[in-house]
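J.: The structure is given below, and queries will be raised subsequently.
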Amino acid sequence: MPDLGLEVLWKGKNFARLLGGLWVALRISLIAALISVAAGILLGVLASRKHSVFSAILQVWLGIIHIMPQMVLLFLMYFGTTRAFGWNLSGETAAIIVFSLWGTAEMGDLVRGAVSSIPAIQRESAEALGLRPIQVFRFVILPQAVRRLIPLSINLITRMIKTTSLITLIGVVEILKVAQQIIEANRKASPNAAFGVYLTVFVLYYLACRPLSLAAKHLEKHWG
Amino acid sequence: MSDVVLSISHLTKRFDQQTILEDLSLDVREGEVVVIVGSSGCGKSTLLRCINALEEIQGGEIRLRGEPIRHNSKNLPEMRRKIGMVFQNYELFPHLTVLDNIMLSPVRAQKRSREETRTEALTLLDRVGLKEKAGSYPRQLSGGQKQRVAIVRALIMHPEILLFDEVTAALDPEMVREVLDVIVSLADQGKTMLIVTHEMSFARAVADRIILLEDRRILEENTPEQFFTSPKTEQAEKFLQSFEFKRKKES
C-alpha cells in the first residue's frame with residue numbers, strides 16, 4: 001500500500017481546520033445563493049413581463065457576467081474597487097458581492113425563462129375563472145414555474161460552491177487554502193500529504209454538493 | 001319572454017388591421033342554448049373570448065345582466081366569475097389535483113368556505129362520473145375526463161352563462177360522447193349556454209337557436225330544425241353540405 005499521506009489529517013487540529021475551511025466556502029456560497037435567489041426572482045419576474053426595461057437590463061448584465069471570468073470579477077472587486085473608491089472590503093465580503101452579482105443575473109434569467117415558458121392560455125384559463133392578477137400569478141403561474149426552476153437553481157448553487165475554490169486568490173482562507181497550508185507545514189514529515197489532503201478536500205466537496213444534486217434529481221422526478 | 005342574460009351589441013374586433021368581427025349583435029336569454037357554427041377561422045372562438053374579455057374589443061358593447069364587461073375595468077375578475085368558460089384543450093392546472101383545480105377559484109376568488117366547496121365539488125364530480133378521480137392529477141386522466149373536470153370547474157362558480165369553445169375538438173372520437181352527454185344534461189337543467197362546435201348532430205340536439213357566423217358577422221339565425229332542413233341562406237346550405245360526403249357513381 002503506497003503512502004497516501006492521510007496521517008497528516010489526524011495531526012493536531014488539521015481535520016477540524018479543513019472542515020472550518022469548508023464551512024467558509026459553504027457560508028459564502030449560501031449567503032450569495034440566498035441573495036441571488038431573492039433578487040433573481042424579483043428581477044426575473046419583472047423581466048418576464050412584455051416590453052419590460054428589466055428584460056434589457058438583465059440581458060446586458062447577463063452578457064457581462066458570462067463574458068467575464070469569475071476570477072477577473074473577484075480581482076476587480078477586491079483589488080480594483082477598494083483602490084478606486086477607497087472603501088474597505090474583506091475578501092469574504094468581496095466574494096459574496098461577486099457571487100451575488102453572478103447568481104442574481106443567472107437566477108434572474110432562469111426565473112424569466114421559467115415564467116415565460118408557462119403557456120399564455122394557462123394564464124387565460126385562470127383569468128377566466130375570475131382570479132385576480134396577483135392570484136393568477138401566485139396560484140397558477142408561480143407554482144408551475146418553480147417546479148421547472150428548482151433543478152436549475154440547485155445546479156447554479158452547486159456551481160457556486162465549486163467556484164469558491166477561486167476565492168483563495170483574494171486571500172480568503174477557505175478549504176483549499178487550509179489544505180495548502182497543511183501540506184506546506186508538513187512537507188518534511190509527510191511528503192505525500194498532498195495526495196491525502198487533496199483527496200479529503202475532494203471528498204468534502206462531494207459530500208457538500210451531492211445532497212443538493214440528489215435533491216434536484218428527486219424533485220425533477222417527483223414533479224416531472 | 002325571459003330575461004336577457006348576455007347582450008352583445010355592435011361588437012367589432014380587429015387584430016392589427018384585420019377585422020375579425022364587425023358590428024355583431026346577439027342576445028342570449030335565460031335558459032337558452034345558443035350554438036354558433038361556421039367554418040374554421042370565422043371568428044367563433046374569438047367571439048367567445050371577447051365575451052369574457054380575454055380579447056380587447058375595438059367597438060361595441062358587451063353586457064351581462066345589464067352590467068358592461070370591459071377589458072380594463074377594475075371589476076373584470078368579478079364579472080368573469082359570472083361567466084364559465086370551457087376551453088378546447090381543457091387548460092386544467094397540471095400542478096393541482098382534480099379537486100384543487102375545481103376548488104381554487106371558489107375558495108380564493110369567491111371566498112367561499114372550503115368545506116362547502118369541497119362538498120359541492122364532490123357532488124358535481126359524482127354527477128359527471130368522476131368522483132373517484134378527485135385526488136388524481138390531470139396528467140392521469142383521459143382527454144374526455146379532463147374536459148368533464150373542466151366543465152365542473154366552470155359550473156362550481158354558479159355562472160350566469162357557460163361558454164363552450166369547441167370542447168370536443170381535441171378529443172379522440174370515442175370520448176366525444178361522454179363530454180357532449182354532460183352538456184346536454186346541463187341544457188336539460190336549464191343552464192344558459194353559448195356553444196361553439198363542429199359537431200352538427202350535437203348542435204341540432206342541444207340548441208334552441210343556431211347561429212351561422214361567416215364573413216365577420218352573423219349570416220343566419222334559425223331554429224335547429226329549420227337550419228338543418230331548410231336553411232334560409234345559400235351560405236348555410238353550402239356550409240351544411242361541407243359535412244356531407246357524396247360519391248359520383250357511373251350508372
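J.: I'd like the residue in region B:6-42 that is touching a strand residue (DSSP E or B) at 6+ places or on another chain (Cβ under 6 Å) and in a loop (DSSP other than H, G, I, E, B) and, out of all such residues, is most open to solvent (accessible area, probe 1.4 Å).
T.: Residue satisfying both the conditions and the ranking: B:E30.
J.: On to the next question. Taking only region B:183-201 into account, find how many residues are open to solvent by 10 Å² or more (accessible area, probe 1.4 Å), without any contact (Cβ under 8 Å) to a residue 60 or more places away in the chain and part of a helix (DSSP H, G or I).
T.: Total satisfying the criteria: 4.
J.: Here is a further query. Just need a number here: residues in region B:108-140 that are assigned to a helix (DSSP H, G or I), within 14 Å of chain A (Cβ to nearest Cβ) and either open to solvent by less than 50 Å² (accessible area, probe 1.4 Å) or closer than 17 Å to B:V179 by Cβ (or both).
T.: Number satisfying all stated conditions: 3.
J.: Still on this structure, please answer the following. With the checklist (1) free of Cβ contacts under 8 Å to residues at least 40 places away in the same chain; (2) not in a loop (DSSP other than H, G, I, E, B) in hand, flag the one item B:S45 doesn't pass.
T.: (1) is the only condition that B:S45 fails.
J.: Here's another thing I want to ask about it. Confirm whether B:E61 is open to solvent by 20 Å² or more (accessible area, probe 1.4 Å) and either in a strand (DSSP E or B) or among the aliphatic types (A, V, I, L, M) (or both).
T.: So B:E61 passes the test.
J.: Looking at region A:167-180 only, could you name the residues that are in a helix (DSSP H, G or I), surrounded by fewer than 20 Cβ atoms within 10 Å (Cβ to Cβ) and in contact (Cβ under 8 Å) with a residue 24 or more places away in the chain?
T.: A:L169, A:I170, A:K177
J.: When you go through (1) surrounded by 21 or more Cβ atoms within 10 Å (Cβ to Cβ); (2) away from chain B (no Cβ under 14 Å); (3) under 19 Å from A:V45 (Cβ atoms) one by one for A:A114, which number turns out not to apply?
T.: Single failed check for A:A114: (2).
J.: Continuing with this model, one more query. Taking the condition of being modelled with pLDDT of 85 or more and open to solvent by 20 Å² or more (accessible area, probe 1.4 Å), how many residues in region A:189-211 meet it?
T.: Qualifying residue count, region A:189-211: 12.
J.: Considering each residue of region A:123-136, count those that are within 7 Å of chain B (Cβ to nearest Cβ) and either within 17 Å of B:R70 (Cα to Cα) or surrounded by fewer than 18 Cβ atoms within 10 Å (Cβ to Cβ) (or both), and give that number.
T.: Residues flagged as within 7 Å of chain B (Cβ to nearest Cβ) and either within 17 Å of B:R70 (Cα to Cα) or surrounded by fewer than 18 Cβ atoms within 10 Å (Cβ to Cβ) (or both) within region A:123-136 amount to 7.
J.: Is it the case that some residue within region B:91-100 is more than 10 Å from every other protein chain (Cβ to nearest Cβ), part of a loop (DSSP other than H, G, I, E, B), out of contact with any Phe, Trp or Tyr (no Cβ under 7 Å at 6 or more places or on another chain) and not small (G, A, S)?
T.: No, the conditions are met nowhere in region B:91-100.
J.: Yes or no: region A:41-63 includes at least one residue that is under 15 Å from A:A95 (Cβ atoms) and assigned to a helix (DSSP H, G or I).
T.: no
The values are calculated or read from the model by the stated rules, or taken from the named source; none is laboratory data. What you are looking at is a predicted structure, and each value in this text was computed from that prediction instead of being measured. Don't worry about glycine lacking a Cβ; one is built from the backbone with ideal geometry, like all the others, and counts go over all protein chains shown. Calculation scope for accessible area: heavy atoms of the full protein, side chains included, ligands and nucleic acids excluded. Shrake-Rupley method; radii C 1.70, N 1.55, O 1.52, S 1.80 Å.
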